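Coordinate-derived values only; no laboratory data. A quick note: this is a predicted structure, and the numbers were derived from the prediction, not measured. Virtual Cβ from ideal backbone geometry, glycine too; neighbours counted across all protein chains shown.
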Amino acid sequence: MKKQTILLLAAGVLALASCGDGGKKEQENAQAKVDSMANAMKLQATKDSMTAVMNAEKAKTDSLANAMKAEEEKKAAETKHSSKGHAATKGGDKKAETAPAPAPTPSTQDSKFNNRGGNKSTPAPADQKAQDDKFKNRGK
């Protein structure tokens, strides 16, 4: 009977020892699943950001292509328009260059108005109002 008890105890200890590692394996499997899902989420985020960058680049190139096409159409229309009986200018298809308009000369009222804030002394409120009225009413 003693032998059977010892044998039963040894079998029980052996059974418990073999089943005790099952908890660790489940925990490792759960951790592996969590890690796998985290990696998948990172990969998806990277994929989404790359897609956004690619879409932005495509929009930029499309915009440039459309601008170039519009410019070519504009030049073609100008060329077509200039060849309809108009006298050609020297240099072929170049437009006649015009001188830029001269800058308007500032009047004394402009200089007074602009310099009013640059001085350390400010005019009296009545003088300031008179200057403002002159400035508003000029050219009428």
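Other residues whose C-beta falls under 14 angstrom from the C-beta of M68 contribute a net charge of 0, scoring Lys and Arg +1 and Asp and Glu -1. Subtracting the Cα-Cα distance of L16 and E71 from their residue separation scaled by 0.36 nm leaves 11.5 nm. Between T46 and Q4, the modelled labels are 6.5 nm apart [label points 7 Å from Cα along Cα→Cβ].
Cβ under 12 Å from T108's Cβ, T108 left aside: what net charge do those residues give with Lys, Arg +1 and Asp, Glu -1?
Local charge sum for T108: +2.
Annotation: extensible slack from A30 through D133 equals 28.9 nm (criterion: 0.36 nm per residue apart, minus Cα-Cα distance). Counting 0.36 nm for each residue step from V53 to A101 and taking away their Cα separation leaves a gain of 12.8 nm. With a Förster radius of 41 Å applied to the beta-carbon distance between M37 and T79, the computed FRET efficiency rounds to 0.05. Counting Lys and Arg as +1 and Asp and Glu as -1 over every other residue whose Cβ lies under 15 Å from the Cβ of A40, the net charge comes to +1.
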